[in-house]
1. Which GluC sites (Glu not before Pro) does the stretch 1-102 hold that lie in a coil by DSSP with at most 12 other beta carbons within 10 Å?
2. Taking the Cα centroid of the stretch 118-160 and of the stretch 25-82, what is the distance between the two, rounded to the nearest whole Å?
3. Between ASN178 and ASN213, what is the label-point separation in nm under the 7 Å Cα-to-beta-carbon projection?
4. Compare ALA32, ALA56, ALA142 in a GNM of the chain, Cα atoms joined below 10 Å, and give the one with the largest fluctuation.
5. Please name which of THR180, PRO136, LEU125 has its Cα lying farthest along the dipole of the stretch 99-226 towards the positive end, using unit charges on Cβ (Lys, Arg +1; Asp, Glu -1) and the Cα centre as origin.
6. Counting only C-alpha contacts under 8 Å and six or more residues apart, can you give the relative contact order of the stretch 88-222 as a whole percent?
7. Remind me, what semi-axes does the stretch 131-226 give for its equivalent ellipsoid, largest first in whole Å, using sqrt of 5 times each Cα gyration tensor eigenvalue?
8. What dipole magnitude, in Debye to the nearest 20, does the stretch 83-226 give about its Cα centre under +1 on Lys/Arg Cβ and -1 on Asp/Glu Cβ?
Amino acid sequence: MNPKQLAALKAVEYIREDMIVGLGTGTTAFYAIEKIGEMVQGGLRIRTVSSSLASAKQAVAAGIPQAGMTEIKGIDIYIDGADEVDERFNLVKGGGGALTREKILAFNSELFIVIIDDSKLSSTLGRFPIAVEMVPFGYNLAIPHLEALGCKTIVRQSGDNFYKTDNGNWIIDCQFQNITDPKALEEAIHAIPGVVECGLFSNSWVDRVISGNEDGTVRELKGNLS
Ligand code: 5RP
């Protein structure tokens with residue numbers, strides 16, 4: 001079993017009957033959704049909300065019941081991957097472009113479980129670019145303001161076009177060097193008009209971090225699952 005799958009299978013053990021479950025996006029979350037599908041086929045009664053159209057599609061194909069966002073009051077458990085995790089458990093997310101919906105689910109979840117493999121661990125964030133979701137109007141004017149914060153920018157492409165998020169927006173990927181104060185950087189990015197969200201997730205939202213390793217072990221780095 002690969003490290004991402006190990007982490008995903010550990011995390012889904014904490015899903016209980018009748019929960020509202022948030023489904024993440026990406027190659028690690030894929031394994032969680034796959035397993036949740038098997039659990040539902042085995043009789044588990046849950047409803048889910050998805051952080052992306054891609055994950056919703058996987059869930060529907062697996063026969064996993066969906067809840068409309070307006071039907072729910074909150075999320076019991078949200079399981080999702082991350083691109084980078086620092087030693088204080090701040091996260092970079094958004095490599096898959098779903099950061100805004102992911103942030104809504106994370107903020108509104110009782111239990112946010114992050115599933116990674118050990119290659120995602122860094123002492124300080126800065127290896128992986130920070131995805132900034134922008135409304136298309138005037139996105140170009142935001143670029144010098146982002147660069148003034150100390151990054152190099154690139155507008156995310158999909159083939160010959162700009163990559164379009166599920167919300168109809170563009171993404172500017174911002175490569176910083178060493179992010180010593182993620183909270184301050186997040187606030188500075190949010191102060192630029194046209195920014196919808198950015199891929200920095202504060203450690204205060206993160207309840208658990210489960211990480212798989214190539215050697216077949218899986219560790220719980222934050223929290224105490226019981
Ligand atoms: C998508 C995300 C993903 O969770 C993140 O990119 C990790 O992806 P993967 O599990 O494929 O490495 O934030 O927007």
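1. GLU13, GLU17, GLU87
2. 28 Å
3. Placing both labels 7 Å beyond Cα along the Cβ direction yields 2.8 nm.
4. ALA142
5. PRO136
6. 39 percent
7. 30, 17, 13
8. Result for the stretch 83-226 is approximately 200 debye, rounded to the nearest 20.
The values are calculated or read from the model by the stated rules, or taken from the named source; none is laboratory data. Quick caveat, the model's predicted, so the values are computed rather than measured. Note: ideal-geometry Cβ built from the backbone for every residue, glycine included; neighbour counts use all protein chains shown. Quick note on the areas: whole protein, heavy atoms, side chains included, nothing else; ligands and nucleic acids left out. Shrake-Rupley method; radii C 1.70, N 1.55, O 1.52, S 1.80 Å.
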